[in-house]
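Notes for the one structure printed next.
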Amino acid sequence: MNFENLNLIQPLLNAVNKKGYLNPTPIQEKAIPTVLQGKDIFGCAQTGTGKTAAFALPILQLLETEKDRNQRRAVRALILAPTRELVAQISEEFSTYGKGLDIRIVTIYGGISQKNQTQALQSGVDIIVAAPGRLLDLMNQGFVRLDKVEYLVLDEADRMLDMGFINDIRKITAKLPAKRQTMLFSATAPDEIRKLAASLLNNPVQINLSPDTMPPILVSQSVYHVKKENKKLLLTHVLKNESLKNVLIFTRTKHGADKVVKDLIRNGIKAQAIHGNKSQSARDKALKDFKSRSIRVLVATDVASRGIDVDKLSHVINYEIPEQAETYVHRIGRTGRAGETGAALSFCSADEKPYLKNIHKLIHKNIDVVTSHPFAIN
Ligand code: AMP
């Protein structure tokens, strides 16, 4: 299957070619025709599967080809996502694919002044990509009208629920026309998500691609057993290997992330942290520096990392093993994206062994143990 078979209009095909995509990913193959046919979608897919383009391309096409119905610019598509980083990335993808089209997009999230956002809204936009909190805030101030919305996307719905956005989502969706097309994507599908899906979707087509128990196939996984107090030494040791070109390190806490950064810098390794206590501009800068390779290591907590999209991320290191096995799968899904190979290293201290056991159960295999390092314990 290639993109030409998907009935996309020429400007979108051009954009996809320009991005260098050769073939649609499995979720794109399934979702694009479904959305173009006007159907709702319940997609179980994690980041890294190409799901953003899977909804962005057909929505742009529908907006472009069914334009005459609206005279003035009115918000016709609303995309909701949990974090500022993810909102920014989705918006960027819409802009890239929509380059040849006359479509305006506004990005809305908190932590920065609302002025640019309200100005853009007032001058008229076709697509809003937003984090729920700030959007609701602007709605309450009377800056946003959603009564012309035809397409609604909830991306990473499970994470939005985890972050306590459910009430905001309900308030926002209450303002949308009942007659609309809705796409809900979630990496996991616990009961709460199914309930939300049932209330928002109309006879959806289910696309179930990467259940949580399935880490990306191209990621090699290994575990290092190590005493807690030796983790920082092990990290410096591991980073001596230059094939670890750009490394995303996960810690459980914000404080832990800061400590790792300090240790690395002390050892001459350029690193920055990204977590909820950092200002928006500090987070943007850290991500930008990491993407441009001016720092080699980014240290993140789980919430902050969600949706971070870095091309060709070579390594993920779990400095601490996550308590939830699903989180492990999400974390290592940062690398090995869309056909690239990657590696995930996990540092496991004695007290974390039960978490590791749960991960083995979830992914139905034992992760290979690396014993050839100076801090190995049994
Ligand atoms: P996503 O799952 O939307 O976060 O996408 C993961 C990454 O895959 C992004 O960097 C996209 O630019 C990239 N991508 C999306 N579609 C394709 C495709 N058909 N071929 C290659 N890469 C893609």
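Condition check: within 19 Å of Thr47 (Cβ to Cβ), out of contact with any Leu (no Cβ under 7 Å at 6 or more places or on another chain) and not assigned by TED's automatic domain parsing to the domain that holds Gly164. Does Lys259 satisfy that? Spell out the reasoning first.
On the way: within 19 Å of Thr47 (Cβ to Cβ): no; out of contact with any Leu (no Cβ under 7 Å at 6 or more places or on another chain): yes; not assigned by TED's automatic domain parsing to the domain that holds Gly164: yes.
Taking the combined requirement at face value, the residue does not satisfy it.
Across region 206-226, which residue is modelled with the lowest pLDDT among those that are farther than 20 Å from Glu29 by Cα and not in a loop (DSSP other than H, G, I, E, B)?
Result: Val219.
Could you please find all residues in region 346-378 being in a helix (DSSP H, G or I), modelled with pLDDT under 95 and of a type in the set (A, V, I, L, M, F, W, C)?
Ile359, Leu362, Ile363
So, in region 7-39, how many residues would count as being surrounded by 20 or more Cβ atoms within 10 Å (Cβ to Cβ) and either farther than 11 Å from Ala54 by Cα or among the small types (Gly, Ala, Ser) (or both)?
Selection size over region 7-39: 5.
Considering only region 287-309, state which residues are part of a helix (DSSP H, G or I) and of a type outside the set (Lys, Arg).
Just the residues of region 287-309 that are part of a helix (DSSP H, G or I), to begin with: 287-291, 302-305.
Scanning region 287-309 gives Leu287, Asp289, Phe290, Asp302, Val303, Ala304, Ser305.
Can you list the helices (runs of 4 or more DSSP H) lying wholly within region 131-205 that have 2 or more residues being of a type in the set (Val, Ile, Thr) and surrounded by 19 or more Cβ atoms within 10 Å (Cβ to Cβ)?
Values: elements: 132-140, 157-162, 166-174, 191-200.
In region 131-205, the matching helices (runs of 4 or more DSSP H) lie at 166-174.
Checking Lys99 against (1) farther than 22 Å from Gln181 by Cα; (2) within 16 Å of the ligand (Cβ to nearest atom); (3) without any contact (Cβ under 8 Å) to a residue 40 or more places away in the chain, only one condition comes out false. Which one?
Here Lys99 clears every test but (3).
Would a scan of region 100-107 turn up a residue that is within 14 Å of Ile308 (Cα to Cα), polar (S, T, N, Q) and either in contact with a helix residue (DSSP H, G or I) (Cβ under 8 Å, 6 or more places away or on another chain) or not in a strand (DSSP E or B) (or both)? Before you say what the answer is, go through the steps one by one.
Kept after step one, since they are within 14 Å of Ile308 (Cα to Cα), are these residues of region 100-107: none.
No, region 100-107 contains no residue that is within 14 Å of Ile308 (Cα to Cα), polar (S, T, N, Q) and either in contact with a helix residue (DSSP H, G or I) (Cβ under 8 Å, 6 or more places away or on another chain) or not in a strand (DSSP E or B) (or both).
Specify the residue that is nearest to the chain's Cα centre (by Cα); the eligible residues are those in region 310-328 that are assigned to a loop (DSSP other than H, G, I, E, B) and under 16 Å from Val219 (Cα atoms). Full working, then the answer.
Within region 310-328, the first condition is being assigned to a loop (DSSP other than H, G, I, E, B), and the residues that meet it are 310-314, 319-324.
Remaining after also requiring under 16 Å from Val219 (Cα atoms): 310-314.
On the way: Val310: 10, Asp311: 13, Lys312: 15, Leu313: 14, Ser314: 17 Å.
Only one residue tops the list, namely Val310.
Can you find a residue that is more than 11 Å from the ligand (Cβ to nearest atom), modelled with pLDDT of 95 or more and either under 15 Å from Phe3 (Cα atoms) or not polar (S, T, N, Q) (or both) anywhere in region 44-56? Before you say what the answer is, go through the steps one by one.
Residues of region 44-56 more than 11 Å from the ligand (Cβ to nearest atom): 44.
Keeping just the survivors that are modelled with pLDDT of 95 or more gives none.
No - not one qualifying residue is present in region 44-56.
Is it true that Ala343 is in a strand (DSSP E or B), at pLDDT below 95 and over 17 Å from Asp302 (Cβ atoms)?
Numbers: in a strand (DSSP E or B): yes; at pLDDT below 95: yes; over 17 Å from Asp302 (Cβ atoms): yes.
Criteria met by Ala343.
Just to be sure, is Pro11 modelled with pLDDT of 95 or more and either over 23 Å from the mean Cα position of the chain (by Cα) or more than 8 Å from the ligand (Cβ to nearest atom) (or both)?
Details: modelled with pLDDT of 95 or more: yes; either over 23 Å from the mean Cα position of the chain (by Cα) or more than 8 Å from the ligand (Cβ to nearest atom) (or both): yes.
Here the answer is yes, as Pro11 does meet what is asked.
Looking only at region 229-256, count how many residues are out of contact with any Leu (no Cβ under 8 Å at 6 or more places or on another chain) and among the hydrophobic types (A, V, I, L, M, F, W, C). Before the answer, list the steps.
Quick first cut of region 229-256, residues out of contact with any Leu (no Cβ under 8 Å at 6 or more places or on another chain) only: 229-234, 237, 240-245, 250-256.
Remaining after also requiring among the hydrophobic types (A, V, I, L, M, F, W, C): 233-234, 244, 250.
So the count comes out to 4.
State all residues of region 19-43 that are within 9 Å of the ligand (Cβ to nearest atom) and among the hydrophobic types (A, V, I, L, M, F, W, C); if no residue qualifies, say none.
Leu22, Ile27, listed by residue number.
The values are calculated or read from the model by the stated rules, or taken from the named source; none is laboratory data. The model shown is predicted, which means the values in this text are computed figures rather than measured ones. Backbone-built Cβ (ideal geometry, glycine too); neighbour counts: all protein chains shown.
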